[in-house]
Structures are given as structure tokens and as C-alpha cells.
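The values are calculated or read from the model by the stated rules, or taken from the named source; none is laboratory data. Note that the structure is predicted; figures quoted are calculated from it, not measured. Positions of Cβ are backbone-derived with ideal geometry, glycine not excepted, and every protein chain shown enters the neighbour counts.
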Amino acid sequence: MRGEALSERSSKILDMLRDSGDFVSGQDISRCLGISRSAVWKHVGRLRKRGYVIDAVPNKGYRLAEEVDLPVSDEIKRFLRTESLGCEIVFMNQVDSTNRLAQMLAAQGAAHGTVVTADSQTMGRGRRGRDWISPPGCSLYMSTILRPGVYPAAASQIPILSVLASVRGVERMAPPMDLRVKWPNDIYCNGRKLSGTLCEMKAEMDRVEYVVVGTGINVNVLPVQGGLPISATSILAETGTSVSRAGLAASVLEEFELLYSSWLSRQDLSRIMPLWKKYSMLLGRRVSVSTSGDRIFGMSMGISPDGALNLEMEDGSIRPVYAGDATLDSLE
């Protein structure tokens with residue numbers, strides 16, 4: 001089932017408990033909201049089911065003992081300041097894939113900016129059919145529905161916008177890290193993968209119906225505990241600091257909206273190329289790019305406004321590569 005947003009009264013009770021920082025009597029809550037004491041108890045029960053730890057003590061009332069670290073709508077919207085991204089947030093405790101659910105919702109007419117989040121995925125996916133390990137309670141799994149109204153060729157640039165938004169969102173929330181982006185849509189830190197993006201779209205020859213942008217970020221997980229591969233890392237592993245998943249989701253969405261809005265007016269990446277250059281992991285290095293039926297070697301010269309990776313070949317010519325999996329050349 002789709003995760004439901006808190007009712008207005010449950011949200012108000014949560015706000016009262018947050019604002020107090022101490023016990024709030026059931027009588028005060030009842031009087032403030034104009035509901036019975038038993039209704040207050042029912043709303044507190046609903047909050048507990050969402051993961052909030054709430055103490056109840058006779059003659060004292062209720063106290064929020066512990067915040068919940070779930071990327072649910074109510075938590076994300078505490079931090080979120082966007083115009084369209086996150087207009088609706090669908091949260092699932094567990095889902096096979098946030099991208100798959102987002103595609104289903106998009107096909108049913110979900111609005112531009114609708115976001116799907118989950119605490120865990122059973123069939124999380126990366127690019128080229130790779131698995132994305134998605135344990136509960138520790139990382140961010142988020143898919144955003146876009147309806148850009150552009151040609152399919154232009155929409156292929158969106159993964160680059162997304163990965164840069166993730167970098168900037170992580171930088172806002174976490175202690176300093178040496179973050180690098182690997183074309184077209186991965187984030188690395190100290191040689192290990194921190195985040196990935198999977199974009200999928202439905203389009204006709206001259207029109208994109210929708211794009212689903214899936215973002216996975218390893219947040220509060222240690223590789224050994226979370227079953228992550230040795231090639232992966234997380235914010236906690238790199239900094240020793242835990243980060244709010246809801247706050248991170250909001251930061252990524254805010255940064256994505258800024259980059260997306262700027263890109264949409266021109267439908268090319270010329271404005272963000274300096275930002276890509278700043279974070280590029282491959283720039284000026286020999287790389288190997290696996291395409292659908294070939295492997296190409298060359299010197300990475302950055303990206304072009306249409307999102308292609310520019311490779312300098314041995315004869316000095318520049319070859320643009322529009323799709324593939326780039327890695328550093330082992331002979332470098």
C-alpha cells in the first residue's frame with residue numbers, strides 16, 4: 001500500500017511535542033485541538049506506528065523521546081523549500097523498487113514533482129541491470145517524476161543534473177568529503193561509490209511523456225554491517241557522522257530543482273559545465289568506456305553541452321560518447 005501522510009491533527013500533535021521538548025498534558029492537547037482525550041491517544045498511537053518514540057506518563061502527559069529517521073512526507077517537508085519537486089511524497093516502508101513504483105504512478109497520471117521514497121528496497125536497481133543493495137533504516141532511496149516536455153535527446157542530459165544535485169545536497173548536510181562525479185551519474189568518495197542515479201523515461205519520437213529519476217545514496221550504513229560491496233562507501237563511513245535522511249532528501253530535491261529549472265530554459269548543460277569540471281573524477285585522465293558493443297579508450301576532456309563525454313583519441317581527434325560505462329584505464 002502507498003504510505004499515507006499524517007492527518008492534520010496528528011501533525012499538530014507532533015508539532016506540539018517537538019516545540020515543547022518536554023511533557024505536554026493530554027488535557028492541553030485536547031483543549032488546543034478541540035478533540036477528546038481518547039482521540040488524542042489514538043493520534044499518538046498512529047504516530048508511534050510511524051516510528052516516533054513517544055513517552056506517556058500519568059499526570060504528566062506525552063513527550064517526544066526520539067525523532068524518527070524515515071524519509072516520510074511529513075519529515076521531508078519540515079525541511080523542504082521547493083516550488084514543485086516534492087509536491088507529493090509517497091513513502092513505502094518496503095518496495096521492490098522506488099523507480100518501478102514511480103513509473104507506475106507516472107503512467108497513472110501522477111503530477112510533475114511527485115516523489116517516491118522507501119525505507120528499503122527488495123529489488124533496488126542501478127544502471128545496466130546492476131543490483132543496488134538497499135537495507136532498511138540507513139540509506140536514501142528516492143525517485144522523482146518529471147514531465148519536462150522536451151525532446152528525448154534533451155532528456156538524456158537529466159542524469160547529469162541529478163548527480164550534481166546529489167553532490168550539492170550531500171555537501172549541505174554532511175561534514176566535508178572529497179566528492180567526485182563519474183560520468184554519467186555516479187558519486188565517489190576516496191575511490192568508493194557513495195551514490196548512483198538511474199533515469200528511465202517514457203517517450204515518443206518527438207515528446208517525452210515522463211522521466212523517473214532514481215537516486216540512491218548510502219547514508220548511515222557501514223559497509224560491513226549493511227552488506228555493501230567493498231567498492232562502496234557511505235556518509236557515515238567517511239565522516240563518522242550520521243545524517244538525517246529526510247533532511248538529505250529535502251536538500252537534494254532543492255538543489256535538483258535549481259539545476260533543473262536553469263537547464264529547462266536552454267535544454268543544454270552549458271551553464272553547469274563549470275560545476276561538472278569542479279567535481280569530475282575523470283577529467284584529464286585516461287579512461288575506458290564500455291558501450292553497447294564496443295570498448296573505447298581515450299583521454300577524458302570533460303563533457304559537452306549535450307551531455308556527451310568527450311574523449312581525446314590517440315590521433316588527437318575528439319570523440320563524443322553519449323552512452324556507456326566509464327572507468328579509469330588500468331594502464332593509466
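Condition check: assigned by TED's automatic domain parsing to the domain that holds His112, more than 23 Å from Met92 (Cβ to Cβ) and either crowded, with 19+ Cβ neighbours inside 10 Å or modelled with pLDDT of 95 or more (or both). Does Pro159 satisfy that? Lay out the reasoning, then the answer.
Numbers: assigned by TED's automatic domain parsing to the domain that holds His112: yes; more than 23 Å from Met92 (Cβ to Cβ): yes; either crowded, with 19+ Cβ neighbours inside 10 Å or modelled with pLDDT of 95 or more (or both): yes.
Criteria met by Pro159.
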> Within the set of pairs 6+ apart or on separate chains, which have a first residue in the stretch 97-126 that is touching a residue at least 60 places away in the same chain (Cβ under 8 Å), a second that is in a strand (DSSP E or B) and among the aromatic types (Phe, Trp, Tyr), and C-beta atoms under 7 Å apart?
Replying inline: Thr98/Tyr141; Ala106/Tyr210; Thr117/Phe91; Thr117/Tyr141; Gly124/Tyr141
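Considering only strands (runs of 3 or more DSSP E) fully contained in the stretch 167-241, which possess at least 2 residues that are in contact (Cβ under 8 Å) with a residue 40 or more places away in the chain, touching a Lys or Arg at 6+ places or on another chain (Cβ under 6 Å) and not assigned by TED's automatic domain parsing to the domain that holds Thr117?
none
Just checking, does the stretch 243-256 include any residue being aromatic (Phe, Trp, Tyr) and assigned by TED's automatic domain parsing to the domain that holds Arg168? Spell out the reasoning first.
Just the residues of the stretch 243-256 that are aromatic (Phe, Trp, Tyr), to begin with: 256.
Then keep just the ones that are assigned by TED's automatic domain parsing to the domain that holds Arg168; that gives 256.
For the stretch 243-256, residues aromatic (Phe, Trp, Tyr) and assigned by TED's automatic domain parsing to the domain that holds Arg168: present.
Taking Asp306, is it over 24 Å from the mean Cα position of the chain (by Cα) and either surrounded by 12 or more Cβ atoms within 10 Å (Cβ to Cβ) or farther than 18 Å from Ser156 by Cα (or both)? Let's see the steps before the verdict.
On the way: over 24 Å from the mean Cα position of the chain (by Cα): no; either surrounded by 12 or more Cβ atoms within 10 Å (Cβ to Cβ) or farther than 18 Å from Ser156 by Cα (or both): yes.
No; evaluated as a whole, the condition is false for this residue.
One residue is enough: does the stretch 135-144 have a residue meeting the conditions in the same structural domain as Leu258 (by TED's automatic domain parsing), surrounded by fewer than 24 Cβ atoms within 10 Å (Cβ to Cβ) and touching a Gly at 6+ places or on another chain (Cβ under 9 Å)? Even if it seems obvious, please write down each step before you answer.
Taking the stretch 135-144 first, the residues in the same structural domain as Leu258 (by TED's automatic domain parsing) are 135-144.
From the residues that got through so far, the ones that are surrounded by fewer than 24 Cβ atoms within 10 Å (Cβ to Cβ) too are 135-138.
Of the ones still in play, those that are also touching a Gly at 6+ places or on another chain (Cβ under 9 Å) are 135, 138.
Yes, that holds for at least one residue.
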> So which strands (runs of 3 or more DSSP E) are wholly in the stretch 242-332 and hold at least 2 residues that are touching a residue at least 40 places away in the same chain (Cβ under 8 Å), of a type in the set (Phe, Trp, Tyr) and in contact with a Cys (Cβ under 9 Å, 6 or more places away or on another chain)?
Replying inline: none
